[in-house]
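See below for the structure under consideration.
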Amino acid sequence: MNIPTPSTRDNERTNRLRRLGWDDHFERLAADEQLDLDRVARVLSAQRNLFLVTDGRDERLCAPSGKMHHRRQQDYPVTGDWVLTDGNALQRVLPRKNTLCRGEAGTRGKQDGAARREQPLAANIDTVFVVCGLDRDYNPRRIERYLALVYNCGMAPVVVLTKADLHDSPEVFREKVEAIALGVPVVLTSTRDRSGVDALHAYLNEGQTASMIGSSGAGKSSLANMLHGSDVQATAAVSRSVGKGRHTTTSREFIAMPRGGLLMDNPGIREIAFARGGDGLDATFADIRDLAESCRFANCSHQHEPGCAVIRAVETGELPQARLDNYRKMQREMDYARARSEKSADYVERERWKDIAKEIKRMNKRKKR
């Protein structure tokens, strides 16, 4: 009888986690903090205060510990998180590699469209599929917003154009999207002939994690079924009158893909609001960034300044006016979000020093006694 040595058990345990997406980043974290890997698990789905987690061998439902529940505004688990468990209790969320988040719903259009609070959607994601249907859902300006959101979160986007079978020449749409999604892979898909499956499976190999975002009715659940090879997600028809779909996906959960990767479906997003600033604009609008280097003034706002290379590009037809308008709109939103974030940080710092001052005052009173 062969009894596994401690090193063999460690390798088996690490390999199980790596198949779930555990990588060198978390390996270093575990070594630095001397984490017990037997307690590490990944959140597969989140349902209010219950979380389905797995360690690569067993799945179980866990509830947050009392301490975690009390501090739920800080690092509360979301799908994709790595967590430390104690039996069926979640004790801690490990520091995230990245977080896919947006501004909370209902705030876009208020105060330049910037949201007041972040709404985390998923964590530790390698690739985000920006899903857009080639029906009434098709909107280049919305695709630009999605790309800026994904880049802001430090993730790699792939634009997926579904329902390609609705058109005789869907390649025209791919070319149009490639012109605005600079350097981003654009994949045409159709559930009728399963086109695009191989291209997307390249992002869903063992140890890889992907998430889908898009509007209701864009075809995310149908895409998930096609990639999985069976009906794992419920689907619903798009309304013919308004061209909108219903939320057939109501929770965020991972689906195990045939090649070993994990794919997360997301409920449809109606509002793409920003809750933070970031490099998303520069990455999404690299053409405008490059043009701006030729502006006469270094701080050119591309509004009315003389010698503005961006405005000149619009006048010559090199840059579409609609693209510049969308860039300006998102820039205002992100500037406002950044200002709110800095203001909040200052407020937190003032409150911290206020607490310290109170503690010093209490200590001085004790000394006088």
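Coordinate-derived values only; no laboratory data. Owing to the predicted nature of the structure, the values given are computational and were not obtained by experimental measurement. All Cβ positions, even for glycine, are placed from backbone atoms using ideal geometry, and neighbour counts span all protein chains on display.
Data overview
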item: Reachable aspartates and glutamates, given that their alpha-carbon falls under 18 Å from the alpha-carbon of K67 and they are not under 8 places away in the same chain; result: D75, D81, D86
item: Per-residue HN-Hα couplings for the range 57-65 [Karplus 6.51, -1.76, 1.60; θ = phi - 60°; Hz; x = Gly/Pro]; result: 10, 10, 10, 7, 8, 10, 10, x, 5
item: Phi-based couplings in Hz for the range 207-215 (Karplus 6.51, -1.76, 1.60; Gly and Pro marked x); result: x, 9, 10, 10, 10, 10, 9, x, 6
item: Cα-centre dipole for the range 134-227 with unit charges at Cβ (Lys and Arg positive, Asp and Glu negative), debye to 20; result: 340 debye
item: 5 angstrom amide H check on K97, placed H, neighbours 5+ away; result: N124
item: Gyration tensor verdict on the range 76-213 (Cα atoms; rounded if a/c is under 1.5, prolate if a/b is larger than b/c, oblate otherwise); result: oblate
item: Neighbour net charge for V184 - beta-carbon separation under 12 angstrom, K R +1, D E -1; result: -1
item: Under-5 Å amide H pairs with V128, H placed in peptide plane, nonlocal only; result: A156, V158, S211
item: Burial order of peptide ranges 172-178, 182-188, 281-287 (average beta-carbon count within 10 Å, highest first); result: 281-287, 182-188, 172-178
item: Aspartates and glutamates with Cα under 18 Å of K163, excluding same-chain neighbours fewer than 8 positions away; result: D135, D137, E171, E175, E178, D193, D198, D231, D265
